[in-house]
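The values are calculated or read from the model by the stated rules, or taken from the named source; none is laboratory data. Predicted, not measured: the structure shown is a model, and the values here were computed from it. For neighbour counting, all protein chains shown are included, and Cβ atoms are generated from backbone atoms with ideal geometry for every residue, glycine included.
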């Protein structure tokens, strides 16, 4: 996800595979390629505590990201100290909830991986389209 919650890549795996094992595939399949930032501070990656392992950190740093891996307890402590700051992982969680609003994707009934991946790409395109500011009023129906 980018800073606004727009999905940048999608990888479909079985339910029995952990997310950490797929971090390299996710970072390699980012659809929107961007230039290497002139300053290192411009490329951040927020993740939960499951990505604290050496292999995951090695992959994250290998792709040139600054890792922000904070567990929920520390995040709650920081929120109590400064209530005006919102959590960094909020963007990821809200994007997951946007995907869950597409009820066809909530429970996977598709047998073929390519069909399920196509539906996920369609949902990601709709989410990205809704983030584009438009001058005309479009009623989504």
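Quick one: would you say residue 50 is over 14 Å from the mean Cα position of the chain (by Cα), exposed (fewer than 14 other Cβ atoms within 10 Å of the Cβ), modelled with pLDDT under 80 and within 17 Å of residue 92 (Cα to Cα)? Answer is yes for this residue.
Looking at 96, 121, 68, which one is under 20 Å from residue 6 (Cα atoms), at pLDDT below 85 and part of a helix (DSSP H, G or I)? Talk me through it step by step, then tell me what you get.
Working: 121 fails: at pLDDT below 85; 68 fails: part of a helix (DSSP H, G or I).
Step by step, each of 96, 121, 68 is checked, and only 96 is under 20 Å from residue 6 (Cα atoms), at pLDDT below 85 and part of a helix (DSSP H, G or I).
Looking only at residues in the range 1-27 that are touching a residue at least 24 places away in the same chain (Cβ under 8 Å) and within 19 Å of residue 58 (Cβ to Cβ), the one that is surrounded by the most Cβ atoms within 10 Å (Cβ to Cβ) is 23.
Pairing each residue of the range 83-95 that is closer than 17 Å to residue 47 by Cβ with any residue that is modelled with pLDDT of 70 or more, provided the two are 6+ apart or on different chains, yields C-beta distances under 6 Å for 88/46; 88/68; 89/46; 91/5; 94/5; 95/5.
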